[in-house]
Amino acid sequence: MEKRYYQKEIETMPVEEIKKLQSEKLVKQVKHVYENVEYYRNLMDEKGVKPEDIKGIEDLHKLPFLTKADLRDAYPYGLLAKPLDECVRIQSTSGTTGRRVIAFYTQHDIDLWEDCCARAIVAVGGSEKDVCQVAYGYGLFTGGPGLNGGSHKVGCLTLPMSSGNTERQIQFMMDLSATIICCTPSYAAYIGETLKEQGYTPDQIPLKAGIFGAEAWTEEMRQNIQETLGIKAYDIYGLTETSGPGVSFECEEQTGMHINEDHFLAEIIDPDTGEVLPEGSKGELVFTALDKEAFPLLRYRTRDICVLSRKPCSCGRTHIKMSKPMGRSDDMMIIRGVNVFPSQIETVLLQEGYQPNYQIIVDRKNNTDTFDVNVEMNPDQFTDTVGGVTALEKSLAAALKTMLGINPAVHLVPPKSIARSEGKAVRVVDKRKLV
């Protein structure tokens, strides 16, 4: 593949120049946050840190961390660093107990985010000659809007399909000769299986590349997608908290994702002690947004476990690479691209009059996540009539969908029937092979 870049000067910048740029941006950003975000100013004051103490990236470790709990406590406006009349959009993801994470954007923030997504599209061979089918969800979810904007910036003909309606996806893909598809890996696999069932062979499918993210996927799954669709399958990473997809992306090497270091400063820490670990260590990924205006998180703990590497890359990009996330340092699961916490399920059970005695079983069948929730009935709810149980299951499933945004299969089981170990039920059984 010919080496192409969306912003070559930045993407191939010498490492020392990247670090100098990061230092300059960090000093300005800390001042911006301290002056405009009371919540973070209080955290800095508690730690005895002032903006003038931060003279460059070597001082980053002096700053306090932010966590998802902070985002919950500061909801909705407590971490906003710009007046609302300068903000033009929000994006959102589910929160741990019903309080959603809301990220605010100025037009400048959106422009930078779309640049990051444009870099990802060009890195997989995209240009103005391509037709880019965006099959991530649109709306509050960041996937659709981010890749949509990036595709526009590259100049691709953009098909804003959103997720679902596979027959229509395939019709537009074939009729308009889509060459790049952006969606979750499990949905790409499902589209591939559907095309195969319809009699299409990989050489009849116009696609050449796919940009897949929002959920964990294995190298085996990558190979399966590549063979079924006749494409190269690339990873992309992002968090609503830091903008959305495009924080990092894979290049032609497919050996990790380049972090857009001019916008995001990455660290690896020991999840237990918070100590910064040397490059090449496995630990928790922490991000600082260097030039986000409206929602500029400093030292945000992602809870994703990975490794960073500056090993030179054959694509010519000099920005540091992160591995695929190797797990979590908290109890969050990603199911069909949606963040799910056991605490969310406990909240709903208590609201609906159940005791929090439950078990979540996640599996992957035919490349799609299955999501079952077994819940013990209270003695006064227990009934052995099928109709009565079914009605209760449907009601609870609807309440869980409202909280989570995805449909679980709810199974009500007799009291004390979920096995306990040392008095506690095993809350999550994840049968997927994700690493």
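The values are calculated or read from the model by the stated rules, or taken from the named source; none is laboratory data. Quantities reported herein were computed from a predicted structural model and do not represent experimental measurements. We place every Cβ from the backbone using ideal geometry, glycine too, and count neighbours over all the protein chains shown.
Of note:
- Top-ranked residue of the range 304-348 - restricted to ones that are touching a Lys or Arg at 6+ places or on another chain (Cβ under 6 Å), part of a strand (DSSP E or B) and not charged (D, E, K, R), ranked as surrounded by the most Cβ atoms within 10 Å (Cβ to Cβ): Val307
- Unique match (being β-branched (Val, Ile, Thr) and without any contact (Cβ under 8 Å) to a residue 40 or more places away in the chain) among Thr184, Thr218, Thr194: Thr194
- Yes/no for Glu279 being out of contact with any helix residue (DSSP H, G or I) (no Cβ under 9 Å at 6 or more places or on another chain) and of a type in the set (D, E, K, R): yes
- Of the set (1) surrounded by fewer than 20 Cβ atoms within 10 Å (Cβ to Cβ); (2) outside any helix (DSSP H, G or I); (3) modelled with pLDDT of 95 or more, all apply to Ala103 but (1).
- Restricting the range 179-207 to residues that are under 20 Å from Gly246 (Cβ atoms) and in a loop (DSSP other than H, G, I, E, B), the residue that is nearest to the chain's Cα centre (by Cα): Thr184
- The set of residues in the range 111-129 being hydrophobic (A, V, I, L, M, F, W, C), more than 17 Å from the chain's Cα centre (by Cα) and closer than 13 Å to Asp291 by Cα consists of Leu112 alone.
- Out of Lys232, Lys208, Lys153, sole residue that is surrounded by fewer than 22 Cβ atoms within 10 Å (Cβ to Cβ) and touching an Asp or Glu at 6+ places or on another chain (Cβ under 6 Å): Lys153
- Scanning the range 162-178 for residues that are crowded, with 22+ Cβ neighbours inside 10 Å and in a loop (DSSP other than H, G, I, E, B) yields one hit, Ala178.
- Among the residues of the range 209-251, those identified as over 15 Å from Ala118 (Cα atoms) and among the charged types (D, E, K, R) are Glu215, Glu219, Glu220, Arg222, Glu227, Lys232, Glu241.
- Flag for Thr93 being over 14 Å from Leu297 (Cβ atoms), in contact with a strand residue (DSSP E or B) (Cβ under 7 Å, 6 or more places away or on another chain) and of a type in the set (Ser, Thr, Tyr): no
- Taken as a whole, the range 258-273 holds no residue that is assigned by TED's automatic domain parsing to the domain that holds Thr142, on the phi > 0 side of the Ramachandran plot and either touching a residue at least 40 places away in the same chain (Cβ under 8 Å) or of a type in the set (Ser, Thr, Tyr) (or both).
- Scanning the range 237-248 for residues that are surrounded by fewer than 17 Cβ atoms within 10 Å (Cβ to Cβ), among the acidic types (Asp, Glu) and in a helix (DSSP H, G or I) turns up nothing.
- Near pairs, Cβ below 7 angstrom, 6+ apart or cross-chain, from the range 387-401 (under 16 Å from Gln344 (Cα atoms)) to any residue that is surrounded by 17 or more Cβ atoms within 10 Å (Cβ to Cβ) and not β-branched (Val, Ile, Thr): Ala397/Pro408; Leu400/Pro408
- Residues in the range 55-77 that are farther than 13 Å from Ala103 by Cβ and either free of Cβ contacts under 8 Å to residues at least 60 places away in the same chain or outside the structural domain of Leu285 (by TED's automatic domain parsing) (or both): Lys55, Gly56, Glu58, Asp59, Lys62, Ala69, Asp70, Arg72, Asp73.
- Verdict on Ile191 being in contact with a strand residue (DSSP E or B) (Cβ under 6 Å, 6 or more places away or on another chain) and crowded, with 23+ Cβ neighbours inside 10 Å: no
- All strands (runs of 3 or more DSSP E) inside the range 349-417 with 1 or more residues being of a type in the set (Lys, Arg) and touching a helix residue (DSSP H, G or I) at 6+ places or on another chain (Cβ under 8 Å): 358-365
- Residues located in the range 78-87, provided they are more than 22 Å from the chain's Cα centre (by Cα) and either assigned by TED's automatic domain parsing to the domain that holds Val340 or outside any helix (DSSP H, G or I) (or both): Gly78, Ala81, Lys82, Pro83, Cys87
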